[in-house]
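Below: one structure, written as structure tokens.
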Amino acid sequence: MIEEPYRWVEAIANRREYIETQLASGSPIIALGYADGILLFTVGRQKLFEIYDRIALGAIGHPGDIERLRMAAIELASSEGFTRSAADVSLRRLAYYSLSPVMKNAFEQIYGAPFLARLLFAEIGATPEDDLFLCVEYDGAISVSQAKNKNSRFAVLSGSKAAAEQMEEFLRHEHGDGEELSTALQLALDAWTLGQSGATERNEIPSREQIRALRAERQGDVTIEAAVLDRKTGSTVRYRPLRETELANLTTA
């Protein structure tokens with residue numbers, strides 16, 4: 001009996017190491033505020049999703065686990081919107097009272113399968129200061145970025161914490177309020193390049209020129225996926241995927 005707590009802690013540590021290894025190759029995702037809303041950006045397919053009117057999701061991990069969590073989020077949001085009102089659907093409630101407990105429980109039940117997924121949510125508000133960026137880890141841990149400060153209107157996901165930290169540091173220095181969508185997309189592509197490259201092995205952040213050089217090497221064989229939560233649209237549904245023609249124009253350096 002004395003050994004049981006130790007065995008559980010050891011099993012959790014092994015499980016965490018396993019999940020981190022599985023997620024290490026995931027393509028980074030960036031959510032970035034711009035003048036008219038929020039941009040969600042990644043490289044790859046089927047990694048960005050609409051959840052409900054004002055809420056969007058980006059995820060890295062196992063496709064089956066991502067789909068299960070996506071459907072759980074949609075079902076809860078739809079149920080809340082139907083029984084109450086669309087205005088009552090809240091990202092905080094969705095994360096804190098539904099997804100986080102489910103992911104935490106799956107992670108800690110060592111005889112069951114955990115979720116191999118990291119989730120990034122963005123919720124657009126009436127004003128930029130009301131925008132919300134929220135990440136849920138595979139163990140249920142939540143990190144929140146409320147867009148109250150000038151340099152906090154973004155969030156990132158990456159396969160490793162070191163890459164995510166360097167991407168965040170880069171965006172804190174380079175991202176500003178009121179950027180046009182074209183500028184925001186260029187910045188998101190630079191942040192993705194930084195998170196995907198081996199540049200994170202160094203302590204310093206590469207210059208924009210170095211990042212652009214890395215980007216030129218990689219951009220030819222990548223498929224960009226991007227979407228926006230548009231504050232200026234007249235529709236209640238704010239989510240809109242960007243078309244290939246838009247991306248072709250926007251990503252021209």
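Structural remarks
- For region 41-48, the condition of being surrounded by fewer than 19 Cβ atoms within 10 Å (Cβ to Cβ) and over 18 Å from Gly159 (Cβ atoms) holds for none of the residues.
- Condition check for Pro63: open to solvent by 90 Å² or more (accessible area, probe 1.4 Å) and either hydroxyl-bearing (Ser, Thr, Tyr) or closer than 23 Å to Gly159 by Cα (or both): yes
- Residues located in region 87-116, provided they are touching a strand residue (DSSP E or B) at 6+ places or on another chain (Cβ under 7 Å) and of a type in the set (Gly, Ala, Ser): Ala95, Ser100
- Subset of region 103-125 (residues that are not aliphatic (A, V, I, L, M) and not in a loop (DSSP other than H, G, I, E, B)): Lys104, Asn105, Phe107, Glu108, Arg118, Phe121, Glu123
- Only one entry in Phe49, Phe82 is more than 18 Å from Ala191 (Cα to Cα) and assigned to a helix (DSSP H, G or I), namely Phe82.
- Screening Thr127 with (1) modelled with pLDDT of 95 or more; (2) β-branched (Val, Ile, Thr); (3) loosely packed, with under 15 Cβ neighbours inside 10 Å gives one miss only, at (1).
- Residue selected from region 171-182 under the condition open to solvent by 30 Å² or more (accessible area, probe 1.4 Å) and more than 11 Å from Leu39 (Cα to Cα), by the criterion modelled with the lowest pLDDT: Asp177
- Any hit, region 29-36, residues being in a strand (DSSP E or B), touching a strand residue (DSSP E or B) at 6+ places or on another chain (Cβ under 6 Å) and open to solvent by 30 Å² or more (accessible area, probe 1.4 Å): no
- Just one of the listed residues (Phe133, Phe115, Phe107) is open to solvent by less than 30 Å² (accessible area, probe 1.4 Å), farther than 18 Å from Phe49 by Cβ, of a type in the set (Phe, Trp, Tyr) and in contact (Cβ under 8 Å) with a residue 12 or more places away in the chain, and it is Phe107.
- Residue list for region 101-118, filter: over 14 Å from Ala72 (Cβ atoms) and within 18 Å of the chain's Cα centre (by Cα): Leu116, Arg118
- Test result for Met167, touching a residue at least 40 places away in the same chain (Cβ under 8 Å), part of a helix (DSSP H, G or I), touching a Leu at 6+ places or on another chain (Cβ under 9 Å) and open to solvent by less than 10 Å² (accessible area, probe 1.4 Å): yes
- Test: residue in region 139-147 that is modelled with pLDDT under 90, part of a loop (DSSP other than H, G, I, E, B) and touching an Asp or Glu at 6+ places or on another chain (Cβ under 7 Å): yes
The values are calculated or read from the model by the stated rules, or taken from the named source; none is laboratory data. From a predicted model like this one, the values you see are computed outputs, not experimental measurements. Backbone-built Cβ (ideal geometry, glycine too); neighbour counts: all protein chains shown. Side chains are part of the model used for accessible areas, which takes the heavy atoms of the whole protein and leaves out ligands, DNA and RNA. Shrake-Rupley method; radii C 1.70, N 1.55, O 1.52, S 1.80 Å.
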